[in-house]
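Student: Here it is, the structure in full.
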Amino acid sequence: MSQSSMSALLRPLRILLFAGHYNLTRCCSSFVSRMRHINNLKANDAACYSALQNGQILLFHRLVPLLQCSDPGSFKPVALGYSEVQSVLESAGSDGSLLKESILIGCSEKNQAQFCLDVGELDQAAIAEKCKGTFVELRKAFFLLAGADAPVVAKAQALLRWHQINKFCGATGQPTQRNQAGSQRSCSSSSIIYYPKMSPVVIVLVSDGKRCLLGRQSSFPPGLYSALAGFCDMGETLEEALYREVAEEVGLEVQNIAYSSSQHWPFPHSSFMLACHATVSPAHSQLNVDHSELEDARWFTEEAITCALQVKAPPRRNDPPTVWLPPKHAVAHRLITEWREGQQRSRDKE
Ligand SMILES: NC(=O)C1=CN([C@@H]2O[C@H](COP(=O)(O)OP(=O)(O)OC[C@H]3O[C@@H](n4cnc5c(N)ncnc54)[C@H](O)[C@@H]3O)[C@@H](O)[C@H]2O)C=CC1
Ligand SMILES: [Mg+2]
């Protein structure tokens, strides 16, 4: 084929590729500009302070988020502008200088920066009344909030907590200074820069083909079962941590690790949950539970999982004992529903 006829053949393809690239660029541009805007706010204190004056601020009191009930049963975090927070602080007897302590959490679709501020030194009831809101502990708030709000509030609390416990340098004992965004703290004596930290945790749903394995710790609320989880040790890969945790907790050797998804988990401190599926052969599914780690671990059939997923609220004290599973915001819930969907798909194929 001559070069000119080859070129003629490829022309429509080039137009298609160009159109595809154009669409991709257009659909990604607002995301890219938002990410770059946030990155700039972390690096530039003056730009960040100016964004704070035009931004939205979520309020916390000693790490407890302030929520507002819009419709019955539907909660949202209270998000106020700079001057609104100034007036709230002044009404609670503060001069408003606390506002500079706000920490950057992210940015809205329209590039409006979002911050959080802990007003723990001020009167909680007075602040709640002035804002027509309620301070709700994160453990409860996390499950009252909509899917998109819960991780934002959890991230805000995690950053506030990290700042509260990193006020001093571990090497020199000198106070550390934060940048305006609150994305780092540094010690001028040692030149060490500290960044907000998460602990990696592996969480795995083990299956023997027909059943999945769930366990519970004695500290869990009665009847709650979840996928096996454990903190990664220093130097371990995700896979090594997974093999070790399952071996330690239930005495099994798993195979076929498949990554599912990840999640920031705020309880009890910041964990980075790495969620996977894994299998054991039915011939090697005999459990040997380490009761110093787990109160119980059991194999659950698909029917038992379907039944447990229907329990929408934790059973009350006098209710009959019921097995229930982690709620929707938890990555364990995702692993369990993925496993159930997989079982349904393989049944449909039979
Ligand atoms: N989002 C979700 O769906 C789920 C999240 N989780 C979270 O996973 C985390 C780990 O699960 P566990 O079974 O408790 O872990 P685990 O099996 O590793 O046991 C916890 C123990 O590990 C030790 N440990 C080692 N490194 C640690 C670190 N960096 N931070 C704290 N403790 C450390 C402590 O002695 C602690 O008591 C928990 O914080 C839990 O909240 C657990 C299940 C579901
Ligand atoms: Mg564990």
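The values are calculated or read from the model by the stated rules, or taken from the named source; none is laboratory data. Predicted model, so just to flag it, every value in this text is computed and none were measured. Ideal geometry is used to build each Cβ from the backbone, glycine not excepted, and the neighbour counts take in all protein chains shown.
Student: For the range 233-250, give me each residue that is assigned to a loop (DSSP other than H, G, I, E, B), within 10 Å of ligand 1 (Cβ to nearest atom) and more than 11 Å from Val201 (Cα to Cα). Spell out how you get there, then give the answer.
Tutor: So the first thing to find is which residues in the range 233-250 are assigned to a loop (DSSP other than H, G, I, E, B), and the list is 233-237.
So of that shortlist, the ones also within 10 Å of ligand 1 (Cβ to nearest atom) come out as 233-234.
Across the range 233-250, the qualifying residue is only Met234.
Student: How many of the residues in the range 207-232 are away from ligand 2 (no atom under 13 Å from the Cβ) and in a loop (DSSP other than H, G, I, E, B)? So that I can check it myself, show each step before the final result.
Tutor: The first filter runs over the range 207-232 and keeps only residues away from ligand 2 (no atom under 13 Å from the Cβ), leaving 207-212, 221-224.
Next, only the ones that are in a loop (DSSP other than H, G, I, E, B) stay: 208-210, 221-223.
Residues that pass the stated criteria total 6.
Student: Taking Glu121 as the residue in question, decide whether it is assigned to a helix (DSSP H, G or I), assigned by TED's automatic domain parsing to the domain that holds Tyr82 and over 27 Å from Ala313 (Cβ atoms).
Tutor: Values: assigned to a helix (DSSP H, G or I): no; assigned by TED's automatic domain parsing to the domain that holds Tyr82: yes; over 27 Å from Ala313 (Cβ atoms): yes.
Considered against the rule, which asks whether it is assigned to a helix (DSSP H, G or I), assigned by TED's automatic domain parsing to the domain that holds Tyr82 and over 27 Å from Ala313 (Cβ atoms), Glu121 comes out as no.
Student: Identify the residue in the range 276-300 that is touching a Lys or Arg at 6+ places or on another chain (Cβ under 7 Å) and in a strand (DSSP E or B) and, among all such residues, is nearest to ligand 2 (Cβ to nearest atom).
Tutor: It comes out as Asp296.
Student: Turning to a different aspect of this structure: Kindly indicate which of Arg317, Arg345 is under 21 Å from Ala258 (Cα atoms) and loosely packed, with under 12 Cβ neighbours inside 10 Å. Lay out the reasoning, then the answer.
Tutor: Details: Arg317 fails: under 21 Å from Ala258 (Cα atoms).
Sole residue among the options that is under 21 Å from Ala258 (Cα atoms) and loosely packed, with under 12 Cβ neighbours inside 10 Å: Arg345.
Student: Which of the numbered conditions does Ala283 fail, given that it passes all the others? Conditions: (1) among the aliphatic types (A, V, I, L, M); (2) more than 17 Å from Pro221 (Cβ to Cβ); (3) touching a strand residue (DSSP E or B) at 6+ places or on another chain (Cβ under 6 Å).
Tutor: Of everything listed in (1) among the aliphatic types (A, V, I, L, M); (2) more than 17 Å from Pro221 (Cβ to Cβ); (3) touching a strand residue (DSSP E or B) at 6+ places or on another chain (Cβ under 6 Å), Ala283 misses just condition (3).
Student: Answer yes or no: is there a residue in the range 331-343 that is within 14 Å of ligand 1 (Cβ to nearest atom), in a helix (DSSP H, G or I) and of a type in the set (Lys, Arg).
Tutor: Here is the first cut: in the range 331-343, the residues within 14 Å of ligand 1 (Cβ to nearest atom) are 331-339.
Applying the additional criterion that residues be in a helix (DSSP H, G or I) yields 331-339.
After this cut, where a residue has to be of a type in the set (Lys, Arg) as well, the list is 334.
Yes, some residue in the range 331-343 is within 14 Å of ligand 1 (Cβ to nearest atom), in a helix (DSSP H, G or I) and of a type in the set (Lys, Arg).
Student: Given the options Asp290, Asp233, name the one that is out of contact with any Ser or Thr (no Cβ under 9 Å at 6 or more places or on another chain), under 30 Å from Leu63 (Cα atoms) and not polar (S, T, N, Q).
Tutor: Criteria check complete, one pass: Asp233.
Student: Would you be able to tell me the number of residues in the range 65-103 that are of a type in the set (Val, Ile, Thr) and within 25 Å of the chain's Cα centre (by Cα)?
Tutor: In the first step, residues of the range 65-103 are kept if they are of a type in the set (Val, Ile, Thr); the result is 78, 85, 88, 103.
This time we only want the ones that are within 25 Å of the chain's Cα centre (by Cα), so: 78, 103.
The qualifying residues number 2.
Student: Still on this structure, please answer the following. If you go through the range 149-196 one residue at a time, how many are of a type in the set (A, V, I, L, M), free of Cβ contacts under 8 Å to residues at least 60 places away in the same chain, in a loop (DSSP other than H, G, I, E, B) and under 26 Å from Val64 (Cβ atoms)? Talk me through it step by step, then tell me what you get.
Tutor: Keep residues of the range 149-196 that are of a type in the set (A, V, I, L, M), which gives 150, 152-154, 156, 158-160, 165, 171, 181, 192-193.
Pick out the ones that are also free of Cβ contacts under 8 Å to residues at least 60 places away in the same chain and you get 159, 165, 171, 192-193.
Filter again for in a loop (DSSP other than H, G, I, E, B), leaving 165, 171, 192.
Remaining after also requiring under 26 Å from Val64 (Cβ atoms): 165.
Of the residues in the range 149-196, 1 are of a type in the set (A, V, I, L, M), free of Cβ contacts under 8 Å to residues at least 60 places away in the same chain, in a loop (DSSP other than H, G, I, E, B) and under 26 Å from Val64 (Cβ atoms).
Student: Identify the residue in the range 251-269 that is of a type in the set (A, V, I, L, M, F, W, C) and within 7 Å of ligand 1 (Cβ to nearest atom) and, among all such residues, is surrounded by the most Cβ atoms within 10 Å (Cβ to Cβ). Even if it seems obvious, please write down each step before you answer.
Tutor: Looking only at the range 251-269, we keep the residues that are of a type in the set (A, V, I, L, M, F, W, C), and these are 252, 254, 257-258, 265, 267.
Applying the additional criterion that residues be within 7 Å of ligand 1 (Cβ to nearest atom) yields 265, 267.
Working: Trp265: 24, Phe267: 11.
Among those residues, the one meeting the criterion is Trp265.
Student: Please specify each residue of the range 107-143 satisfying the condition of being surrounded by 15 or more Cβ atoms within 10 Å (Cβ to Cβ) and under 15 Å from the mean Cα position of the chain (by Cα).
Tutor: Result: Leu138, Ala141, Phe142, Phe143.
Student: Pull out all pairs, ordered by first then second residue, where Cβ-Cβ is under 6 Å, the residues are six or more apart or on different chains, the first lies in the range 294-321 and is modelled with pLDDT under 95, and the second is assigned to a strand (DSSP E or B).
Tutor: That search, which allows pairs on different chains as well, returns Val311/Trp324.
Student: Out of all the residues in the range 251-271, which are within 15 Å of ligand 2 (Cβ to nearest atom) and either touching a Gly at 6+ places or on another chain (Cβ under 7 Å) or assigned to a strand (DSSP E or B) (or both)?
Tutor: Trp265, Ser271
Student: May I pose another question? Among the residues of the range 164-178, are any crowded, with 16+ Cβ neighbours inside 10 Å, over 30 Å from Pro314 (Cβ atoms) and either of a type in the set (Gly, Ala, Ser) or in contact with a Phe, Trp or Tyr (Cβ under 7 Å, 6 or more places away or on another chain) (or both)?
Tutor: Going residue by residue through the range 164-178, those that are crowded, with 16+ Cβ neighbours inside 10 Å are 166, 169, 176, 178.
Among the residues that remain, those that are also over 30 Å from Pro314 (Cβ atoms) are: 166, 169, 176, 178.
Now restrict to residues that are either of a type in the set (Gly, Ala, Ser) or in contact with a Phe, Trp or Tyr (Cβ under 7 Å, 6 or more places away or on another chain) (or both): 166, 176.
Yes, the range 164-178 has at least one match.
Student: Taking the condition in a helix (DSSP H, G or I), under 25 Å from the mean Cα position of the chain (by Cα) and within 16 Å of ligand 2 (Cβ to nearest atom), does Val202 pass? Steps first, please.
Tutor: Values: in a helix (DSSP H, G or I): no; under 25 Å from the mean Cα position of the chain (by Cα): yes; within 16 Å of ligand 2 (Cβ to nearest atom): yes.
For Val202, the condition - in a helix (DSSP H, G or I), under 25 Å from the mean Cα position of the chain (by Cα) and within 16 Å of ligand 2 (Cβ to nearest atom) - is not met.
Student: Does Val246 qualify as being within 16 Å of ligand 2 (Cβ to nearest atom) and of a type in the set (Val, Ile, Thr)?
Tutor: Details: within 16 Å of ligand 2 (Cβ to nearest atom): yes; of a type in the set (Val, Ile, Thr): yes.
In short, yes.
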